[in-house]
Amino acid sequence: MEAFVRPGPDSENWHERGIYMERGILNTSPVEMSLYGMEHWRMPDVRIRRYALRTDGFVSIHAGAREGSFVTKPFIFTGDVLRLNYATSATGRLRVEIQDGGGISVAGRSIDDCIDTYGDTIDGIHHWKDGPDVKALSGTPVKLRITMKDADLYAFRFTS
């Protein structure tokens, strides 16, 4: 029930349906989605505004300046590499550990084996010291332990 788009400081948007979102979300580039809404609804100067989001950018797991981590539930994937949709600050980072279904780090895929992932991309390949290949784990139950500092993780997926 929280607002996705807030009225902001414009007093003409602070009434019932002051911002009226249009239906649909459009892919307006390979890295951006757009939503459209009418501002000043029912006012003489009603207008349309475009709101832009990164692809798959509706929700993220966010970490501030203090490093944090989380562990996924066990799941089975197919693919050769792990791809991340993320954004960090210049001093931020992400690291991904792959664990077996029981929570034990997989050799070569621990937090200590990670190369720091930083930047801003919607489809970056995660790397460990010996490369990105995770094909040997495909089809087996795994968990991901992800540590983050000053970063947002929007999505992850495995691909071939």
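Things worth noting here:
- Some residue of segment 56-79 being surrounded by 13 or more Cβ atoms within 10 Å (Cβ to Cβ), at positive phi, within 26 Å of the chain's Cα centre (by Cα) and modelled with pLDDT of 90 or more: yes
- Hits in segment 1-16 - residues which are exposed (fewer than 14 other Cβ atoms within 10 Å of the Cβ) and within 29 Å of the chain's Cα centre (by Cα): MET1, GLU2, ALA3, PHE4, VAL5, ARG6, GLY8, PRO9
- Filtered by the rule that a residue be part of a loop (DSSP other than H, G, I, E, B) and under 17 Å from the mean Cα position of the chain (by Cα), segment 83-115 gives no residues.
- Subset of segment 23-55 [surrounded by 12 or more Cβ atoms within 10 Å (Cβ to Cβ) and more than 23 Å from the chain's Cα centre (by Cα)]: GLY37, MET38, GLU39, HIS40, TRP41, ARG42, MET43, VAL46, ARG49
- Note on segment 129-160: residues that are on the phi > 0 side of the Ramachandran plot and assigned to a loop (DSSP other than H, G, I, E, B) amount to 1.
- Checking each residue in segment 26-57 for being touching a residue at least 12 places away in the same chain (Cβ under 8 Å), assigned to a loop (DSSP other than H, G, I, E, B) and not polar (S, T, N, Q) picks out PRO30, VAL31, HIS40, TRP41, ARG42, MET43, ASP45, ASP56, GLY57.
- When LEU144, LEU137 are checked against the criterion of being closer than 27 Å to LEU53 by Cβ and not small (Gly, Ala, Ser), a single residue qualifies: LEU144.
The values are calculated or read from the model by the stated rules, or taken from the named source; none is laboratory data. Quick caveat, the model's predicted, so the values are computed rather than measured. Every residue, glycine as well, gets a Cβ built from its backbone with ideal geometry; the counts of neighbours run over all protein chains shown.
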